[in-house]
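Each remark here refers to the structure printed beneath this line.
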There are 2 protein chains.
Amino acid sequence: MTMPDRRTGSGFSTPARQENIRAHNLGLILQRIAADGGPVSRIDLARATGLARPTISRLVDDLLAGGLIAEVGPDRSRSAGRPPIGLTLSRTGPAGLGLDIRTGSLAACIVDFAGTVRHLEFAPRTHPVTSPEQTIDDLAAIAKDAIRLAEAQGLTIVGVTLATPGPVQDRTRVRFAPAIGWRDFDAGSRLRAALGSADMSVSVDNEAGLAALAEWHASDKELRNFVCLFGDFELGAGIVLDGELLRGARGWSGELGHVTVEPDGVACSCGAKGCLQGYAGLAAILAAVPDEEKRSGATSHRTPAVTIGVLADRSPEVRAALARAGTALGISLAALINLVDVDTVLLDGSYSLLATWLTEEIQAEIRDRVLTARWAPVEVRAAPIGPDAAVIGAALTVIEDVRRDPSTWITRTVS
Amino acid sequence: MTMPDRRTGSGFSTPARQENIRAHNLGLILQRIAADGGPVSRIDLARATGLARPTISRLVDDLLAGGLIAEVGPDRSRSAGRPPIGLTLSRTGPAGLGLDIRTGSLAACIVDFAGTVRHLEFAPRTHPVTSPEQTIDDLAAIAKDAIRLAEAQGLTIVGVTLATPGPVQDRTRVRFAPAIGWRDFDAGSRLRAALGSADMSVSVDNEAGLAALAEWHASDKELRNFVCLFGDFELGAGIVLDGELLRGARGWSGELGHVTVEPDGVACSCGAKGCLQGYAGLAAILAAVPDEEKRSGATSHRTPAVTIGVLADRSPEVRAALARAGTALGISLAALINLVDVDTVLLDGSYSLLATWLTEEIQAEIRDRVLTARWAPVEVRAAPIGPDAAVIGAALTVIEDVRRDPSTWITRTVS
DNA sequence: GTACATTAGTAATAGTCTGTAACAAAATAC
DNA sequence: GTATTTTGTTACAGACTATTACTAATGTAC
């Protein structure tokens, strides 16, 4: 019953021409090669996509010439007949660079076209409180190093994506990110200027959505509808429906941290009362840490999530705070599932480390509050990647763009 | 420039062939004609879509031959040159039949291919408490009458859609609809059997989503991201993102009525506590009607929403209940907007009649609780159609399917 | 009233896709 | 060593759109 088009923006979808059909099929083949882990033969592609063998051959030629895929030696371990030539995503073609700002450090990540993480690096933030501009400049310095490193490995960085904890407008302007002290800051433009080179796309995106993308890549692809809870002090959700990230009207979706749990609850930095953040944010949980533990120094030299994890074993107050957090999370997630109907909840970021103490309470609330839970139980589990998912996802978006529409990246082979 | 992707289905999109490009362009042209209210010329279409004039001519020929569009006499009121031939959606081609079950009545609606409501009819429900099977049989009887009526007007009903208040699985099975006493009832199969004729598609869908479709059709098409609140005793939301209805993993999205407002609030028919329904459902508001009003008979012979509207003027208790409902609605809608980012809220169904007493409170909560409300205010207003939106939307889905992919409905003109 | 300008729509042809069918290549099976 | 089997390619046909040139139908200038 869907109304017109998708992903066009300006109301109507574009006309279809001959070139479009080729572009579409190129993307189709590439997605197929990416989906199958191992090498795929041309005939496998023909069978999987439904395209004719000659068509596949011609398209594959273009992808090979464009350096997006590579042939691997014939596979001899078959029964009879000519052995198929394996095709895999190229490991020396375009690559993506992801950047992330955390409470204590900056992170950079390089992912090659095959989707493997080739480089993952952390740098301490220069000052405890840094200006947004200085932070971007520090990130740009790390980025330039990473780009040099990538080139040394035969990779070409075709785009940079910065993950931020807060809503981002037009893929460039960060509206409200109290965790890092940003407010109405055009991070994209600043980063673009600091990086200089014009042959790279630069974009800024919400960390939770990017993390969802990374977790989706890491999973078996049966995961098609899920929500990925991500964050530490600032809480967000990346919602994936039918294999596609939900972006919303202006790209401000997934602000789970500011969903109301108690209409007259604790005040939040956003100005409202009773936001989930105030019950399930790391700050709220840390507030329950007993004073003697704080004095004993158990909290130093560790990330907040690890600290909480260590203390949970010996402090009943911390366990109680985690239970409260789990219940609050469950209530908000139940609202989300009632509204958008996903079948899996991934606890990611700091929460992947705390999943042991949270899942039970979350599951209980979802079971009670989600209308359709009795017919289709919702799975709640720790995300496989964890805190690094946002940077990795940021790098992945870049190559994902190329994978979706390879036609703009390859020069046609003239027969 | 990703192409079609229509009928995506199981994970991967289908290969693009020559025939697809034609199908795509046929749909494109048809959507374009539907979007412009008045007659459109071939050259207008060429300019609007970007396709070449001869291409447009050929596609238009096929649409004319298929009876989906019609030519209207040349328009003489132009400046110079050959006058353009106007093209409009056919008013005698395929049509859709919508059915709806309300608390007091059954409804049927015929919409022609141009999208105009040609027939809208109500029948009282036979008994106060009817079995689901009997209700379907009653609906089938009305439907058959409507089909005959349509044929007399030169219309061909190509599909029937039933709107129901509750989550629907696979477009046929109603999972939980306490407002009409249904639970795990395969309404689609029963209706298909009762109607008999095999040349019609029969489907069942959630009323809120269908209402959203109808309101979207009725609006200027600038409305692209909105939520449509619909219902009376059972509350649902149709969420439209970028012109497309959000369906969710299994089609169970938009269950706003069961979003938690107070974690330990009033018990709900679903088994949970503190659902929105318990605060903003019509039953909750009606509970505040003073006893003397009930005895005075003010509540009889009117729909509940009208009753409330009448009483609101003279009863402070009712106004207080409406204010409470508005606040609860605002809290839940704020959660929805934080999660999926829409820019407009339409109060539909019974709530369109009560908008005067609700909008202010809803707006206040959204302003306070939606993180991004300060940069992009959310509009809250009464939906133009109101309670009939669900039936009309049900009929519209049918013709929307044809409009989206006309190629299956027309026989090619062989040159 | 006629020639001209102007705009709408239509043929004819070329270009670019994919599909079908026949063919070449490279292995196993006997 | 020949037949069989499976993979991949070449040659040609079919489908669809773009370009170019043409016809149709009106208003306008004189």
Self-check item: Failed item in (1) closer than 21 Å to B:Arg224 by Cα; (2) open to solvent by less than 40 Å² (accessible area, probe 1.4 Å); (3) not hydroxyl-bearing (Ser, Thr, Tyr), with B:Ile385 passing the rest
Solution: (2)
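Residues checked against (1) within 23 Å of B:Ile142 (Cβ to Cβ); (2) at pLDDT below 85; (3) within 11 Å of chain A (Cβ to nearest Cβ); (4) in a strand (DSSP E or B):
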site	(1), (2), (3), (4)
B:Ala194	yes, no, no, no
B:Ala208	yes, no, no, no
B:Trp216	no, no, yes, no
B:Ile239	no, no, yes, yes
B:Ala249	no, yes, yes, no
Quiz item: Which residues, counting only those in region A:31-47, are among the aliphatic types (A, V, I, L, M), more than 13 Å from DNA strand C (Cβ to nearest atom) and buried (at least 17 other Cβ atoms within 10 Å of the Cβ)?
Solution: A:Ile33, A:Ala34, A:Val40
Quiz item: Within region A:349-366, can one find any residue that is closer than 21 Å to A:Leu246 by Cα, within 22 Å of the chain's Cα centre (by Cα) and within 14 Å of another protein chain (Cβ to nearest Cβ)?
Solution: no
Practice problem: Kindly list, by first and then second residue, each pair from a residue in region A:32-60 that is in contact (Cβ under 8 Å) with a residue 40 or more places away in the chain and among the aliphatic types (A, V, I, L, M) to a residue that is within 15 Å of DNA strand C (Cβ to nearest atom) and in a loop (DSSP other than H, G, I, E, B), limited to pairs with Cβ atoms under 7 Å and residues at least 6 apart or on different chains. | Solution: A:Ile43/A:Pro84
Quiz item: Hey, among the residues in region B:269-290 that are crowded, with 18+ Cβ neighbours inside 10 Å and either in a loop (DSSP other than H, G, I, E, B) or among the β-branched types (Val, Ile, Thr) (or both), which one's farthest from the other protein chains (Cβ to nearest Cβ)?
Solution: B:Val289
Exercise. Would you check which residues across region B:70-116 are surrounded by 13 or more Cβ atoms within 10 Å (Cβ to Cβ), within 9 Å of DNA strand C (Cβ to nearest atom) and among the hydrophobic types (A, V, I, L, M, F, W, C) and list them?
Key: B:Ile85, B:Leu87
Practice problem: Confirm whether A:Gly257 is within 16 Å of A:Phe176 (Cβ to Cβ), in a helix (DSSP H, G or I) and either among the hydroxyl-bearing types (Ser, Thr, Tyr) or touching a helix residue (DSSP H, G or I) at 6+ places or on another chain (Cβ under 8 Å) (or both). | Solution: yes
Quiz item: Hey, B:Thr344 hits all of (1) under 19 Å from the mean Cα position of the chain (by Cα); (2) surrounded by fewer than 24 Cβ atoms within 10 Å (Cβ to Cβ); (3) more than 14 Å from chain A (Cβ to nearest Cβ) but one; which does it fall short on?
Solution: (3)
Exercise. Please tell me if B:Ala212 is in a helix (DSSP H, G or I), at the interface with another protein chain (Cβ under 10 Å from one of its Cβ atoms) and of a type outside the set (S, T, N, Q).
Key: yes
Quiz item: So how many residues does region A:350-374 have that are open to solvent by less than 30 Å² (accessible area, probe 1.4 Å), more than 17 Å from A:Ala237 (Cβ to Cβ) and aromatic (Phe, Trp, Tyr)?
Solution: 0
Practice problem: Evaluate region A:6-19: report whether one residue or more is more than 8 Å from DNA strand C (Cβ to nearest atom) and part of a helix (DSSP H, G or I). | Solution: no
Quiz item: For A:Asp401, are the conditions met, namely being under 19 Å from B:Leu256 (Cα atoms), surrounded by fewer than 24 Cβ atoms within 10 Å (Cβ to Cβ) and not hydrophobic (A, V, I, L, M, F, W, C)?
Solution: no
Quiz item: Across region B:143-181, what is the total count of residues that are open to solvent by 20 Å² or more (accessible area, probe 1.4 Å) and not charged (D, E, K, R)?
Solution: 11
Quiz prompt | Which listed residue, of B:Leu241, B:Leu195, B:Leu223, B:Leu229, is crowded, with 24+ Cβ neighbours inside 10 Å and either in contact (Cβ under 8 Å) with a residue 60 or more places away in the chain or not hydroxyl-bearing (Ser, Thr, Tyr) (or both) | solution = B:Leu229
Quiz item: How many residues, within region B:51-64, are open to solvent by 10 Å² or more (accessible area, probe 1.4 Å), within 14 Å of DNA strand D (Cβ to nearest atom) and within 16 Å of B:Gly86 (Cα to Cα)?
Solution: 4
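The values are calculated or read from the model by the stated rules, or taken from the named source; none is laboratory data. All figures in this text were calculated on a predicted structure; none of them were measured in a lab. Glycine also receives a Cβ, built like all others from the backbone with ideal geometry; neighbour counts cover every protein chain displayed. Areas reflect the complete protein model, heavy atoms only, side chains present, ligands, DNA and RNA absent. Shrake-Rupley method; radii C 1.70, N 1.55, O 1.52, S 1.80 Å.
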